[in-house]
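Asks: If you scroll down you'll find the structure; I have some questions about it.
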Amino acid sequence: MQGAKTEMAVESQQVQADFARDHARRVMARRLRGFGRSILIHASLIPAAFVFTLPFLWMLSTSLKPDVQFYAYPPVVIPSPFQWSNYPDAVKFITFFLYLRNTLTIAVLATIGVLISSSLVAYSLARIPWRGRNFLFILTIATLMLPFQVTMIPLFIVFKNLGWVNSWLPLIVPHWFGGALYIFLLRQFFMTIPMELSEAARIDGANELKIYYSIILPLSKPALATVAIFEFIARWRDYIGPLIYLSDQEQYTLSLGIYEYQTQYGAEWGLLMAASVLITLPIILLFFFLQKTFVQGIALTGIKG
């Protein structure tokens, strides 16, 4: 009897050892497959990333070239010597800081307006039950199908009749009445927040406005940050809007100022590229510093329909 028990114990240990070895082999195989998949993904993404960054790298290289190297053949990739004076010269010639102030003013005010108006509309569509809200939401989304070129002339006529042409008002005020894309993103995010939080607040006597800014907004920081980044970048690089509505050079934005500089001074490519780098750099830094929040906001919107 004792020998049988010993034999059974040995067999049990052997089975456990075989199971452990099989499990270790499966884990190792899974890790190797994951490692190989990661290598393939990075091997395809790194060249794609290089292709996308190539225009910026060429612009950066051109901004540091002396004049004699602009038309050299074969093309000069790394300037020699570096013409660092292109940057202070570009800042002087295009009154960079005036255009920077104008651009920041328009971008910041428009972004604040979009955050306030779009979040209020999205809250009413997502958290307050009222008749016709789904129809209004569909109508709001339908406006995304209209390209800006279709509404450009009617909007210009409206703003001309209001006396807003040659001012910043057409570039700021419309964004205080919401944006269809941002309303959609925020509505989808608000719908993922449990309704029990709002119901508990109503039981405690809170009205809808109190629930909106005390409960919903603090929980929606990733989505709000995403909307803010989208809108700020759109206003920062906007060219068509200022071109249509602004005629006073003192009110120009950076994009319009660079175009005006090119028409006045010709193809001074070193100064032009230096100014373009200065305009692009804040957007790159903004994305890198807020990348985690931006990706989180995109990932969490649109989960619930």
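The values are calculated or read from the model by the stated rules, or taken from the named source; none is laboratory data. Owing to the predicted nature of the structure, the values given are computational and were not obtained by experimental measurement. Cβ atoms come from the backbone with ideal geometry, glycine included; neighbour counts cover every protein chain shown. Keep in mind that these areas ignore ligands, DNA and RNA; they rest on the heavy atoms of the full protein, side chains included. Shrake-Rupley method; radii C 1.70, N 1.55, O 1.52, S 1.80 Å.
Asks: Out of (1) touching a residue at least 60 places away in the same chain (Cβ under 8 Å); (2) assigned to a loop (DSSP other than H, G, I, E, B), the odd one out for A206 is which?
Replies: The single condition A206 does not satisfy is (1).
Asks: Same structure again: In this structure, does F93 turn out to be closer than 15 Å to L271 by Cβ, open to solvent by 50 Å² or more (accessible area, probe 1.4 Å) and in contact (Cβ under 8 Å) with a residue 40 or more places away in the chain?
Replies: For F93, the condition - closer than 15 Å to L271 by Cβ, open to solvent by 50 Å² or more (accessible area, probe 1.4 Å) and in contact (Cβ under 8 Å) with a residue 40 or more places away in the chain - is met.
Asks: If you take the residues of segment 226-262 that are surrounded by 19 or more Cβ atoms within 10 Å (Cβ to Cβ) and among the acidic types (D, E), which of them is nearest to the chain's Cα centre (by Cα)?
Replies: The extreme case among them is E231.
Asks: Restricting attention to segment 263-305, report how many residues are under 30 Å from P66 (Cβ atoms), open to solvent by 80 Å² or more (accessible area, probe 1.4 Å) and modelled with pLDDT under 70.
Replies: Matching residues across segment 263-305 total 2.
Asks: Sort through F137, F159 and tell me the only one that's farther than 21 Å from R235 by Cα and open to solvent by less than 50 Å² (accessible area, probe 1.4 Å).
Replies: F137
Asks: Would you check if there is a residue in segment 72-89 being of a type in the set (G, A, S), open to solvent by less than 70 Å² (accessible area, probe 1.4 Å), touching a residue at least 24 places away in the same chain (Cβ under 8 Å) and over 14 Å from L254 (Cα atoms)?
Replies: No, segment 72-89 contains no residue that is of a type in the set (G, A, S), open to solvent by less than 70 Å² (accessible area, probe 1.4 Å), touching a residue at least 24 places away in the same chain (Cβ under 8 Å) and over 14 Å from L254 (Cα atoms).
Asks: Then there's this: Look at segment 172-203 and say how many of its residues are over 23 Å from L104 (Cβ atoms), part of a helix (DSSP H, G or I) and among the aliphatic types (A, V, I, L, M).
Replies: Of the residues in segment 172-203, 9 are over 23 Å from L104 (Cβ atoms), part of a helix (DSSP H, G or I) and among the aliphatic types (A, V, I, L, M).
Asks: Can you pull out every residue in segment 50-70 that is open to solvent by less than 50 Å² (accessible area, probe 1.4 Å) and part of a helix (DSSP H, G or I)?
Replies: M59, S61, T62, S63, Q69
Here's the yes/no breakdown for (1) under 21 Å from the mean Cα position of the chain (by Cα); (2) aliphatic (A, V, I, L, M):
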position	(1), (2)
I138	no, yes
L144	yes, yes
W164	no, no
G179	yes, no
L186	yes, yes
F189	yes, no
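Asks: Still on this structure, please answer the following. Looking at this structure, is T140 farther than 28 Å from L246 by Cβ and part of a helix (DSSP H, G or I)?
Replies: Here the answer is yes, as T140 does meet what is asked.
Asks: Residue under question is F184, and the condition is that it be among the hydrophobic types (A, V, I, L, M, F, W, C), open to solvent by 60 Å² or more (accessible area, probe 1.4 Å) and out of contact with any Cys (no Cβ under 7 Å at 6 or more places or on another chain); does it hold?
Replies: Taking the combined requirement at face value, the residue satisfies it.
Asks: Return the pair list, or none, for Cβ contacts closer than 7 Å from residues in segment 265-285 that are among the small types (G, A, S) and assigned to a helix (DSSP H, G or I) to residues that are modelled with pLDDT under 85 and open to solvent by 50 Å² or more (accessible area, probe 1.4 Å), at least 6 apart or on different chains.
Replies: Pairs that qualify, where the first residue is among the small types (G, A, S) and assigned to a helix (DSSP H, G or I) and the partner is modelled with pLDDT under 85 and open to solvent by 50 Å² or more (accessible area, probe 1.4 Å), are G270/D67; G270/Q83.
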